[in-house]
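Taking it in order: structure first as structure tokens, then the write-up.
Please treat every number below as a calculation from the coordinates, not as lab data. What you see is a predicted model, and the numbers here were worked out from it, not measured in a lab. Neighbour counts run over all protein chains shown; Cβ positions are idealised from the backbone, glycine included.
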Amino acid sequence: MRRVLWKNARLATLAGREPWGWVEQGALLTEGLTIAWVGPQAGLPAGLQFDEEHDLEGAVVTPGLIDCHTHLVYGGQRAREFELRLQGASYEEIARAGGGIRSSVAATRETDEELLFQLAAARLQSLKAEGLTTVEIKSGYGLSLEAEAKSLRVARRLGREAGVDVLASYLGAHAVPPEFQGRQDEYVEAVCAWMPQLQAQGLVDAVDAFCEGIGFTPEQTRRVFETARRLGLPVKLHAEQLSDQGGTQLACEFKALSCDHLEHLSPAGVLAMAQSGAVAVLLPGAYYFLRDTHLPPIQALREAGVPMAVSTDHNPGTSPTLSILLMLNMACTLFRLTPEEALRGLTVNAAKALGLADRGQLALGQRADFCVWDVSHPNELSYYFGRNPLLLRVRGGIESRP
Ligand code: NIG
Ligand code: FE
């Protein structure tokens with residue numbers, strides 16, 4: 001296996017007790033897909049064998065960035081709705097009038113699989129250029145067995161061909177499609193019935209739902225989660241984004257990997273998360289783009305020891321951002337995370353939100369996924385906005401330039 005030594009690095013390992021897991025003069029050895037050695041350069045074993053050596057000249061190295069919540073596969077765009085919202089219409093009003101998610105569903109159904117792939121691959125390209133190495137992609141703009149399968153197949157193909165690791169989540173319970181209008185419970189039955197079929201095709205890593213006044217009730221979400229549990233699939237939830245539905249407590253009952261959004265999370269919800277170990281996925285792009293003013297209870301989550309992840313929530317309605325670095329900045333400016341918390345949110349805690357123990361830190365045995373940055377300290381990654389200091393991205397030991 002190819003062994004590559006990376007030396008003269010300033011490492012933000014995010015492992016160990018030091019702030020940032022900092023190693024001032026560090027080195028890292030990759031062996032094939034994994035990290036075979038990492039630490040202070042002075043401690044490198046004598047007589048170490050390697051095939052190749054890179055001098056990073058003091059550049060900062062972090063784990064590869066992980067986007068744990070995206071809706072990357074869809075047709076069309078919703079700039080017109082953005083205009084309507086600027087004229088005073090609310091996100092809920094547009095959704096209730098048949099726009100919103102449903103307009104993206106119509107566009108996604110009309111778009112053939114090849115074009116859906118090309119569109120999503122181009123979006124992924126922007127995220128990769130800023131250091132993305134692993135991404136979660138949800139369905140949820142198909143809302144029929146066929147169109148959900150199409151979207152999830154696109155996600156799988158991106159995982160094979162786009163140079164990034166992809167986890168696919170089935171979000172059939174995202175909205176009620178027009179053909180089920182007024183028959184919400186029947187639609188939930190359909191979502192549950194499709195789940196084993198999609199799973200049998202190898203298309204599902206986890207199951208998500210949108211528990212909300214304009215989405216699904218906690219009772220309906222429970223039915224989706226019960227089906228997932230029977231199939232052995234982990235769950236996660238779009239919870240308390242626009243109102244407090246108690247979805248978080250329900251998700252925690254089902255040992256959810258994560259609860260996401262959380263602007264209206266209650267103290268009881270925070271407690272449930274702390275007890276169950278769910279990750280809080282914070283989505284500053286959606287908060288910003290909806291011009292929300294109701295902050296998630298960051299301080300309460302922090303005090304309760306709930307791990308916090310940060311993600312783009314890339315989607316055409318509430319977060320059309322394709323900059324993962326901008327989310328680092330917004331997590332600090334809007335949500336008052338520290339720059340270190342924000343970076344942990346896009347690495348180690350994002351991995352946790354995906355149930356992945358093999359990445360998110362620079363540590364022995366972890367995947368050799370990392371980024372080399374033209375900065376002198378990792379706090380600069382959340383300080384700049386609109387600047388991309390990525391020099392090199394390494395995924396599974398293979399380097400590429402942005
Ligand atoms: O994460 N809240 C529900 N789902 C998406 C928005 C989907 C859309 O508007 O198309 C979100 O914000
Ligand atoms: Fe989302």
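Figures for the structure shown
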{"read-out": "The range 22-138: equivalent-ellipsoid semi-axes (sqrt of 5 x gyration tensor eigenvalues, Cα, Å)", "value": "46, 17, 11"}
{"read-out": "Descending Cα extents along the principal axes, the chain, whole Å", "value": "71, 42, 42"}
{"read-out": "FRET efficiency estimate (nearest 0.05) - Cβ-Cβ, Glu380 to Gln118, R0 45 angstrom", "value": "0.85"}
{"read-out": "Per-bin percent of Cα-Cα distances, the range 13-53 [5 Å]", "value": "6, 19, 29, 25, 13, 7, 1"}
{"read-out": "The range 367-402-the range 181-202 distance, computed between alpha-carbon centres (Å)", "value": "40 Å"}
{"read-out": "Separation of alpha-carbon centers, the range 36-50 and the range 80-143, rounded to whole Å", "value": "46 Å"}
{"read-out": "Dipole moment magnitude, nearest 20 debye, the chain about Cα centre, only Lys, Arg, Asp, Glu C-beta charged", "value": "260 debye"}
{"read-out": "Calculated FRET efficiency for the pair Glu146/Asp51, C-beta based, R₀ 56 Å, to 0.05", "value": "0.75"}
{"read-out": "Residue order, fewest to most surrounding Cβ atoms within 10 angstrom, among Phe335, Phe50", "value": "Phe50, Phe335"}
{"read-out": "Computed helical MRE - 222 nm, the chain, DSSP H runs ≥ 4 contributing -39500 (n - 2.57), nearest 500", "value": "-10500 deg cm²/dmol"}
{"read-out": "Förster-model FRET efficiency, 22 Å R0, Leu271 and Thr217, C-beta, rounded to 0.05", "value": "0.50"}
{"read-out": "Å³ per residue enclosed by the Cα convex hull of the range 208-319", "value": "91 Å³"}
{"read-out": "Separation in nanometres of the label points that stand 7 Å from Cα toward Cβ, at Leu364 and Arg291", "value": "5.5 nm"}
{"read-out": "Near-label residues of the range 384-402 by backbone N, under 14 Å of a point 7 Å along Cα→Cβ of Arg2", "value": "393-401"}
{"read-out": "Inter-label distance, nm, simple model (7 Å from Cα along the C-beta direction), Arg17/Ala42", "value": "1.9 nm"}
